[in-house]
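To start, the structure under review is shown below, and the notes come after it.
The values are calculated or read from the model by the stated rules, or taken from the named source; none is laboratory data. Only a predicted model underlies this, so the values are computations on that prediction, with no experimental measurement involved. Positions of Cβ are generated from backbone atoms using ideal geometry, with glycine treated the same way; all protein chains shown enter the neighbour counts. Side chains included, ligands, DNA and RNA excluded: accessible areas come from the protein's heavy atoms. Shrake-Rupley method; radii C 1.70, N 1.55, O 1.52, S 1.80 Å.
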Amino acid sequence: MLELAALTKTYKTGDKALSDVSLTVPKGQVVGLIGPSGAGKSTLIRCINRLVEPSSGKIILSGRELSGLGPRTLRRERRRIGMIFQEYALVERLTVMENVLSGRLGYVSFWQSFTRRFPAGDIERAYRLLDRVGLMEHADKRADALSGGQRQRVGIARALSQEPELLLVDEPTASLDPKTSRQIMRLLIEICAERGLPAIVNIHDVPLAQQFMQRIIGLRAGSVVFDGPPEDLTETVLTTIYGAEDWTAMRKDGEADQVAEAEAVASLAMISA
Amino acid sequence: MTSYPTTWRRPPQIVTDRRWRIVLTVAVIAYLVIGVGSVDLNWQRIMEGGARGLRFINGFLQPDFTSRWKDISNGLIESLTMTLTSTVVGVAISVPIGIGAARNLAPAWVYYICRSIIAVSRSLQEIIIAIFLVAMFGFGPFAGFLTLSFATIGFIAKLLAEDIEDIDEAQAEAIRATGASWLQLVHYAVQPQVMPRLIGLSLYRLDINFRESAVIGIVGAGGIGATLNTAIDRYEYDSAGAILLVIIAIVMVAEYSSSYLRKFLQ
Amino acid sequence: MTDFPHTWAHRSPRARLALWFGWLCLVALFVYCWQVMTANTIWMFIWDAPRQAADIGNRMFPPRLSYLPELMKPLWDTLNMATLGTLLGVILAVPVAFLAARNTSPSVLILRPIALFIIVASRSINSLIWALLLVAILGPGLLAGIIAIGLRSIGFIGKLLYEAIEETDIRQIEAVTATGASPTQVLNYAIVPQIMPAFWGITVFRWDINIRESAILGLVGAGGLGLKLQASLNTLAWPQVTMILLVILATVVLSEWVSAKVRGAII
Ligand SMILES: Nc1ncnc2c1ncn2[C@@H]1O[C@H](COP(=O)(O)OP(=O)(O)OP(=O)(O)O)[C@@H](O)[C@H]1O
Ligand SMILES: [Mg+2]
C-alpha cells in the first residue's frame, strides 16, 4: 500500500509542480493519473521513488517512510518500486538480457554485476519474464535492435525483475502507435492483476484511461481535482481537469483511435471465444 | 511448467569468433610484453630524475617571472605577432584554395591541384616544415610565420572545402536559376552559408597557431618556444615553469574569448 | 526552419559600419604585428631563400635507400612510444574525464575545476615540450617519450571523453538509478555502455595523432625516428633526411588508414 501525505514540490525555477497532494493506493489497485500537460503527473510519479526530491510531505510504502532516507537506504527501498518510462529508457547498447537483469542491480554486489554473473535465480526469473512478455528469443539482441513495442516490453520485464511492490508507469504508450499502445496497456493490466501489484499509471489518453483503469485521479496545476472510478469521469469533470477547449480537442483524437480500438477489441474477443 | 535456463553469458559484441578472440588476446599481451620490454630503463638515471622532477614541480608551483622577464616578454611578443599574422595570411590563402577544393564549385583540374596542396600541408608536421624553413630563411620568427601560415592552409582549406560541399544545394540552385555568374553564386549562395563556420574555424586555428608557436621555437623558428628551450637547457626550472604557466594562461584566455566571440558573432 | 539563411537580410547601416570598422581594426592589427615581428628580420636571408631551397632540394635527392634497415629499430621505437603513450594517456584520462563531467563529478566545486585545469594544462602544452621537459628530468630515451605522449593525450582524450559523458542520455541513467543501483553500478550499466563507441573512437584517433607526434619527439632526445632525423640534420646528411621523412610519411598514412578502418568498424 502506498500513502502520500501533503506532498509538495517546488522546482528551483520556482514552478510549483505539486501542491499538497495526498492519496492512498491500496494493494492491487491500478490507478490512472490524468491531467493536462504540465499538470505535474511526471513530477508526482518521480517524487515517489525520489528521482525528484519532494520539497515537503510524506511518502509511505507498506508502512516504511521513503521521504528523508539517506542514499544507502533509499537505494534499498527503490528496489521495491518498479518504474516504466515513456521512451522505454532502456540502455540501448546493452543486450535485452542485461537490461532485464539491471532490475536486479540493487540486490547484487558491484562485482557480480560488473562481471555479469548474476545468481541463478535472477537469470531464471529474467528468462521467465522475457517469456511472459513474449521476447524469449530476443534475449541476446541489443536493445536498440528492437521495435518500440518490444522495447516497452523489455522495460516492463526490467521493472518486474525487481519483484516490486509498486509499479510507477510514466506514459507507457505515448511513443507507440494506437494498436501497440493497447497491447502494452493490456499486458500491464494483466500482469498487475496476476501479482496483485498496485500501479500508478500516468496517461495522456482519457479514453485509454477510462477503458483500463480501476480508479482515476485527475491532476490540474499540481492539485488533485478528481479522484474516483472511471464511470464518474463526466464531461463536467473532464472540463475541470483539462479546461473546455483542450478536452474537446482530445475527444476528436479519441475518435481517431476508434479503429485501433475496434481491432484490439476484436482480437480480445477472439482470444476469449 | 517449463523450466528456464539458470545461466547466461553476455554474447561477445565485437569479435564473435572465439578463436579470433583468443588469437587477439594473445597478440595484445605478447605485444605489451615485447613493447614494454623494449623500453630500456636506466634506473640510476631515473632516480636522479626524481630529484629534478621535484625541482621542476617546485618551479611550476613557485614560478619565477622576474629574472628572465625580458626574454619571456620578447618570446611572447614574437609568438603572438607570429600567431596573428600567420593566421590572417593562412586564412586569406585558404579561402581560394578551399573554394578550389570544393567539388561542387571547381572544375576537376583546379580541384586536384587544390586538394594536393591541402594534402601536402596536412601530411607534414609543423616542426618538420619549420626545420626546412629555418634552413632556408634563417633563424627567427619569419620562418615561424611561414610555417604556421602553411599549416593553416591545410587545416582551414580542407574544412572549408568540406563545408562548401555540404551547402544546401537547393539554395545554390535557386541562385543559379536566376542566371547568376559564378562569382555571384559564391557571393550570394555560398558565402552566407559558410561564413559563420569560417570565422569559427579561424578563431580555432588562431588558438592552435599560438600553441604551435610555442613548439617551433625549439628548432629555431622564434617565439616563446625558443625561450623555453633555453630555460630548460640551463636547468632554470622556475623560469620554465613561469613560461609554461604563461602559455597555459594564454591558451585558456584564447579558448574562452574565442568561444565568447563565436557566440557574439552568431 | 532554423537553418533558413538570412541571405537577403540587409544589414542596417550601423551594423555595416561596425563591420567595416572591425575589418579595419584587423588590418591595422595585422600591419602592426607584422612590423613588430619583422623588426629584426634580416631581409638578405629572406631574398636568398630560393637559392637555399634549390640547394637543399638538390642535396636531398635521391634519398639514401641503404639507410632504410638502420631505421627499422627507431621505427619500432616510434610505434611503441605512440602505443604505450596512448595507453598511459587513456589510463590517466579516464578518471580525469569522469571527474570533469558535470554529471559524474563527485564534487563540482573542487574536483571538477582541478580536472578541467589538468585537461587545459595538458592540452596547451605540446608533446614536444613535454618531451623536452622529461628528457631534462629523466634523461633521453623512450621512457621520456612515452610519458610525454601520455601527458599530452590526457587533455585530448579527457576533453572529448568528458563531453561524451555529459552528452549521455539522462533517461537511461535515471532508469538504472530507479532500480536501486549504486552509483558505481549506474556508471557500469548506464553511462559506460553509452560512451563506449566515443571512447574507442577517441582513443584510436589519438593513437593516430600520437604516431605523428612520436615520430618527431626524438628531435629533443626522446628516442625513435626523430633521433635519427636530428642526427642526420646535424651532419647535414640530406639524403638520409629524405629517407626518414619518407618512412614517417608511410607510417602516418598507414596509421591513418588503420584508424579510419577501426573507427568505421566501431560506429
Ligand atoms: N526539472 C524541472 N525543473 C524545473 N521545472 C520543472 C522540471 N520538470 C518539470 N518542471 C515543471 O513542473 C511542472 C510539471 O511538470 P511535469 O513534467 O510533472 O508535468 P506533466 O504533467 O508530466 O506534463 P506532460 O503531460 O507534458 O508530461 C511544469 O510546469 C514544468 O515546467
Ligand atoms: Mg510527463
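Cβ under 14 Å from A:Arg76's Cβ, A:Arg76 left aside: what net charge do those residues give with Lys, Arg +1 and Asp, Glu -1? It would help to have the intermediate numbers written out before the result.
Details: positive: A:Arg50, A:Arg64, A:Arg72, A:Arg75, A:Arg78, A:Arg79, A:Arg80, A:Arg104; negative: A:Glu65, A:Glu77, A:Glu163, A:Glu165.
So the surrounding residues net to +4.
3J(HN,Hα) along region C:65-74, derived from phi through the Karplus expression 6.51 cos²θ - 1.76 cosθ + 1.60 where θ = phi - 60°, amounts to 5, 5, 7, 3, x, 5, 8, 5, 5, x Hz, with x in place of Gly and Pro.
Can you pull out the trypsin sites (Lys or Arg not before Pro) in region B:134-204 that DSSP calls coil and that have at most 11 other Cβ atoms within 10 Å? Write out the running numbers ahead of the final one.
Numbers: sites: B:Lys158, B:Arg176, B:Arg197; in loops: none.
Here no loop site has a sparse enough neighbourhood.
Shown here are the Rg and Dmax of the Cα trace of the protein assembly as shown, at 32.9, 102 Å.
Let me have the relative contact order for chain C, percent, based on Cα pairs under 8 Å that are six or more residues apart.
Details: 310 pairs, mean separation 65.5, N = 267.
RCO, chain C: 25 percent.
If you bin all the Cα-Cα distances of region C:111-267 at 10 Å, starting from zero, the percentages per bin are 11, 27, 30, 18, 9, 3, 1.
Our coupling estimate for region C:86-94, obtained by passing each phi through the Karplus curve with A = 6.51, B = -1.76, C = 1.60 and θ = phi - 60°, is 4, 4, 4, x, 4, 4, 7, 6, 4 Hz, Gly and Pro reported as x.
Counting only DSSP beta bridges with both residues in region A:2-272, the antiparallel share comes to about 55 percent. Taking N as the residue count of region B:158-199, its C-alpha radius of gyration divided by 2.2 N^0.38 Å amounts to 1.11. Under 5 Å between amide hydrogens, built in the peptide plane, is the criterion, and for A:Leu18 it picks out A:Lys9 among residues at least 5 positions away or on other chains.
Which order do you get for B:Thr83, A:Thr239 if you rank them by accessible area with a 1.4 Å probe, largest at the top? Display every interim value, and only then the final one.
Values: B:Thr83 5, A:Thr239 50 Å².
Solvent-accessible surface, decreasing: A:Thr239, B:Thr83.
Neighbours of C:Lys73 by Cβ distance under 15 Å: Lys/Arg scored +1, Asp/Glu scored -1, total -2. Between region C:93-126 and region B:234-262, the alpha-carbon centres lie 17 Å apart. Mind checking the log10 I(q)/I(0) for region B:59-265 at q = 0.09, 0.11, 0.18 Å⁻¹? Debye, one equal scatterer per Cα, no solvent, two decimals. Log10 I(q)/I(0), no solvent term: -0.42, -0.59, -1.16.
So in the protein assembly as shown, what percent of DSSP beta bridges are antiparallel if you round to the nearest 5?
On the way: 19 of 35 bridges.
Expressed as a percentage, antiparallel bridges in the protein assembly as shown total about 55.
For region A:141-233, a/c is not less than 1.5, where a ≥ b ≥ c are the root eigenvalues of the C-alpha gyration tensor, and a/b tops b/c. That puts it in the prolate class. If you take all other residues with their beta carbon under 12 Å from the beta carbon of A:Leu187, and give Lys and Arg +1 and Asp and Glu -1, the sum is +2.
So for region A:2-272, Kirkwood radius off the Cα pairs, Stokes-Einstein at 37 °C and 0.692 mPa s: how many µm² s⁻¹?
Value of D from the Cα-based Kirkwood radius: 169 µm²/s.
Evaluated with a Cβ-only charge set (Lys, Arg +1; Asp, Glu -1), region C:160-225 carries a dipole of roughly 200 debye about its Cα centre, given to the nearest 20. Our summary of shape: the Cα atoms of region C:221-267 have principal axis extents of 47, 21, 7 Å, ordered from largest down, in whole angstrom. Taking all protein chains into account, the per residue accessible area for chain C stands at 49 Å² (1.4 Å probe). The HN-Hα couplings worked out from phi for region B:224-239 by the Karplus form 6.51 cos²θ - 1.76 cosθ + 1.60 (θ = phi - 60°) are 5, x, 5, 4, 4, 4, 4, 4, 6, 4, 8, 6, 8, 5, 5, 5 Hz, whole numbers, x standing for Gly and Pro.
When the accessible area of region A:161-217 is computed with all protein chains present and a 1.4 Å probe, what percentage of it is carbon and sulfur? Could the numbers behind the result be given before it?
Numbers: 850 of 1760 Å².
Ligands and nucleic acids excluded, carbon and sulfur reach 48 percent.
Heavy-atom accessible area for B:Trp182, with the other protein chains in place and a 1.4 Å probe, reaches approximately 120 Å².
For region C:34-115, the gyration tensor built on C-alpha atoms gives an oblate shape. Its axis ratio a/c (a ≥ b ≥ c) is at least 1.5, and a/b is not larger than b/c.
Where the alpha-carbon atoms of chain C are placed on the principal axes, they occupy 72, 62, 37 Å, in descending order. Please work out whether region B:202-245 counts as rounded, prolate or oblate from its C-alpha gyration tensor, where a ≥ b ≥ c are the square roots of the eigenvalues and a/c under 1.5 means rounded, while otherwise a/b larger than b/c means prolate and anything else oblate? Oblate is the answer for region B:202-245, as a/c is 1.5 or above yet b/c matches or exceeds a/b. Summary value for chain A: 26 percent relative contact order, contacts being C-alpha pairs under 8 angstrom separated by 6+ residues. Entry note: region C:1-159 has Rg to Rh equal to 1.16, where both radii use alpha-carbon atoms and Rh is the Kirkwood radius. Across peptide A:93-106, the average count of Cβ atoms from other chains found within 10 Å of a residue's Cβ is 5.
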